[in-house]
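Undergrad: Pasting a structure below so you can have a look.
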Amino acid sequence: MQTRWDTVEVDGDAMRIYVAVPDGAGPFPAVAVMQGRGGVEETIQTLTRRLAEAGFAAAAPELYHRQKDNVLEEVEHLPPGHPERASKLAGKADQLRDEELVADGAATVAHLRSLSGVDAGSIGVIGFCQGGRTAYLLASAVPGLGAVVPFYPSALWTAGGDGPPPIERTAGITAPLLAIFGGDDRNPSPEDAERIGAELTARGKVHELIHYAGAGHDFMNFRGADRYHPEAAAAAWESMLAFLRKHLRAPA
């Protein structure tokens, strides 16, 4: 496996992308990994590498690239869920705009397609929490995706700037979608998950929903001692890989 930081230009600004590519010539299916509020931190980098270990080229863009502050460095030593960390990261997340997220996601997908050894026709998107929301948004806005997997997508009913919120863009989704939830989560809650599923069904979208009993929000995050649910995380990861392999024509 090879890892590196690449840089692309989006709307006149430099955006770094953490890239992990399997060894070998390929062609590999590829996955864009959308960060949570903590940015492309250790958890996101680790999950990106795990995708490469599973045979996917993977790329995680730094979606805060337009914000010129030191907040991520200031909270780096704080664990997930810490009040100071949560407050400062909420301020960063509130500055994100959906049209910019779409531009960043499209640039990441285009960068993956440009990489040697990548199967340009087999590109998916996954994301966690805020990144799950971004993945859902991109599913409706970036053409040519083969699969989308939002993990516990929060705030689907909230717009970032002008335009409709992600849930109201469901009609534009063209890729099969697997949404993964914690059964004990409150954001999104089980009721929210039912509403998401109902909207996808009403719009005739190919989708699956999986709920993991006993798991709360951010249960994939191994850095959060009070959040991480190893059994649910392991099962969810395998479900995601199976879904990606099915829809991105990837070897098992």
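Values in this text are rule-based calculations from the coordinates and carry no lab data. This one's a predicted model, so the numbers in the text were calculated from it and none came from an experiment. We place every Cβ from the backbone using ideal geometry, glycine too, and count neighbours over all the protein chains shown.
Undergrad: Could you calculate, for the stretch 1-60, the ratio of the Cα radius of gyration to the Kirkwood radius, expressed as Rg to Rh?
TA: 0.99
Undergrad: Still on this structure: So for 217, 82, fewest C-beta neighbours within 10 Å to most, what's the order?
TA: If I rank by nearby Cβ atoms, fewest first, I get 82, 217.
Undergrad: Antiparallel versus total DSSP beta bridges in the stretch 2-247: what percent is that, nearest 5?
TA: Within the stretch 2-247, antiparallel bridges account for around 40 percent of the total.
Undergrad: Here is a further query. Once you order the gyration tensor axes a ≥ b ≥ c over the Cα atoms, which shape class does the stretch 107-166 get: rounded for a/c under 1.5, otherwise prolate or oblate by comparing a/b with b/c?
TA: Prolate, because a/c is 1.5 or more and a/b exceeds b/c.
Undergrad: How far, in nm, would the chain grow between residue 73 and residue 157 when pulled straight, counting 0.36 nm per residue and subtracting the alpha carbon separation?
TA: Gain on extension, residue 73 to residue 157, equals 27.2 nm.
Undergrad: Follow-up question, since we're still on this one. Among the lysines, which fall within straight-line cross-link reach of residue 68, defined as a Cα-Cα distance under 29 Å, with same-chain neighbours fewer than 8 residues apart omitted?
TA: Residue 68 reaches 88, 92.
Undergrad: Which lysines does residue 246 reach when only Cα atoms under 30 Å apart count, and residues fewer than 8 places away in its own chain are ignored?
TA: Answer for residue 246, where 30 Å is the Cα cut-off: 205, listed by chain and number.
Undergrad: Still on this model: Tell me the Kirkwood radius of the chain: reciprocal of the mean inverse pair distance over distinct alpha-carbon atoms, in Å.
TA: Here the Kirkwood hydrodynamic radius works out to 17.9 Å.
Undergrad: Classify the stretch 143-183 from the C-alpha gyration tensor, please: rounded if a/c falls under 1.5, else prolate or oblate depending on whether a/b exceeds b/c.
TA: Oblate is the answer for the stretch 143-183, as a/c is 1.5 or above yet b/c matches or exceeds a/b.
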